[in-house]
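S.K.: Have a look at this one before I ask anything.
The values are calculated or read from the model by the stated rules, or taken from the named source; none is laboratory data. In this text the structure is predicted, and so the values were computed from the model without any measurement. Here the Cβ is made from the backbone with ideal geometry for all residues, glycine too, and neighbour counts use every protein chain on show. Surface areas here come from the heavy atoms of the whole protein model, side chains and all, with no ligands, DNA or RNA. Shrake-Rupley method; radii C 1.70, N 1.55, O 1.52, S 1.80 Å.
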Amino acid sequence: MPTTLYDNHGRPITYLRLAVTDRCNLRCFYCMPAEGIPYLPKQALLTYEEMERLVHVLAGMGITKVRITGGEPFVRKDLMYFLRRLKQIKGIEEVHITTNGVLTAPHIAQLKAIGIASVNLSLDTLDGERFRQITRRDEYGKVMHCLEQLLVHNIPVKINTVVMEGQNTKDIIPLAELTRTAPVSVRFIEEMPFNGEGNHYPVLVWTHDKIMQVLRQQYPNLQKISDKSHDTAYHYQVPGYAGTVGVIAAFSRTFCGSCNRIRITAQGTLKTCLYDGGVLDLKQLLRSRATDELIAEAFLRAFRHRAKDGFEAESRSRRTPVHESMSTIGG
Ligand code: SAM
Ligand code: SF4
């Protein structure tokens, strides 16, 4: 058993979020501009073999949980092949996926068969027209079908909803109502400044507190339930409901003190904080024929210089977050 590594602030590092592509079939306006982002050429993306090697090295350093994200993971060819390989890496106990659900349904039986631990489904509204306005694509039916199929196959599901002023605040209660009968966790996320536009970012109106006000007004008996250690969401339940609701203060950054996660972007950049500008070029290391030991040492150095929180990471970074699209980071 590898010993867990701790960063320079005493936080264990056990969770990797791995973006397998920067490409996406939706254009959610909080994530990327209408015309999309300039995609990286294929050779600038890590290959599956390179990703597998990095996960193998990290598993030897105490990483036990991997989340596959993107861009849209199912847009990348042969994703199921890669997931099967990941599941075989010794030390990796859980593989999770975050998806927009457009291409996911046909793969759900297989996801179940290979033992994917859970699926996070991004769904900002239960109204087809609002879905089209937010994602700039007409794919609502496919996403709802994906949700149904995940439930039918008994795969643990979390719904990720970015709450946006003037867009989907009317959906907070209908989405929370899904938890009345479905054993899902609906998590409302503060909008973050990663829209790839590089210019404007409004003041955040829909903060954690404001989202909670809406929930408490509708459900005065809403109960706080326990959060798992290192969870970024604060969880609640309406007594008698099958599922739970959560709020993720992604912009206010109240959870940094217990952050156990690192990220590898689609082009192989290590981020030890969502808000840093990238702290290590793993692709260059891999392609310069570095040994596993050298790669592990580079990871260790990065973990020992981790920013205390998202504010410090942002101030150390040369770029402001708005220049980046969440699609290249992976959320
Ligand atoms: N395409 C997949 C999806 O949408 O689920 C995976 C990648 S997406 C970048 C991962 C998560 O980041 C999604 O749940 C999405 O809602 C969230 N996200 C993207 N841009 C965001 C932003 N500006 N603020 C908050 N969350 C954001
Ligand atoms: Fe695509 Fe996900 Fe970004 Fe939406 S949030 S544009 S689905 S990567």
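S.K.: Could you list, in sequence order, all residues of region 171-208 that are open to solvent by 10 Å² or more (accessible area, probe 1.4 Å), among the charged types (D, E, K, R) and at pLDDT 95 or above?
M.R.: GLU177, ARG180, ARG187
S.K.: Something else: If you go through region 311-322 one residue at a time, do you hit one that is within 16 Å of ligand 2 (Cβ to nearest atom), open to solvent by 30 Å² or more (accessible area, probe 1.4 Å) and farther than 25 Å from HIS96 by Cβ?
M.R.: So far as region 311-322 goes, no, none of its residues is within 16 Å of ligand 2 (Cβ to nearest atom), open to solvent by 30 Å² or more (accessible area, probe 1.4 Å) and farther than 25 Å from HIS96 by Cβ.
S.K.: Let me ask another. Those residues that are closer than 21 Å to ILE159 by Cβ, touching a helix residue (DSSP H, G or I) at 6+ places or on another chain (Cβ under 8 Å) and open to solvent by less than 20 Å² (accessible area, probe 1.4 Å), I need them from region 249-273; list them, please.
M.R.: ALA249
S.K.: Within the bounds of region 305-315, is there any residue that is at pLDDT 90 or above and over 21 Å from the mean Cα position of the chain (by Cα)?
M.R.: There is at least one residue in region 305-315 that is at pLDDT 90 or above and over 21 Å from the mean Cα position of the chain (by Cα).
S.K.: Tell me the residue from THR47, THR64 that is in contact (Cβ under 8 Å) with a residue 40 or more places away in the chain and of a type in the set (Ser, Thr, Tyr), please.
M.R.: Going through THR47, THR64 in turn, the sole match is THR64.
S.K.: Could you list, in sequence order, the residues of region 104-130 that are assigned to a helix (DSSP H, G or I), surrounded by fewer than 16 Cβ atoms within 10 Å (Cβ to Cβ) and touching a helix residue (DSSP H, G or I) at 6+ places or on another chain (Cβ under 8 Å)?
M.R.: GLN110, ILE114, GLY128
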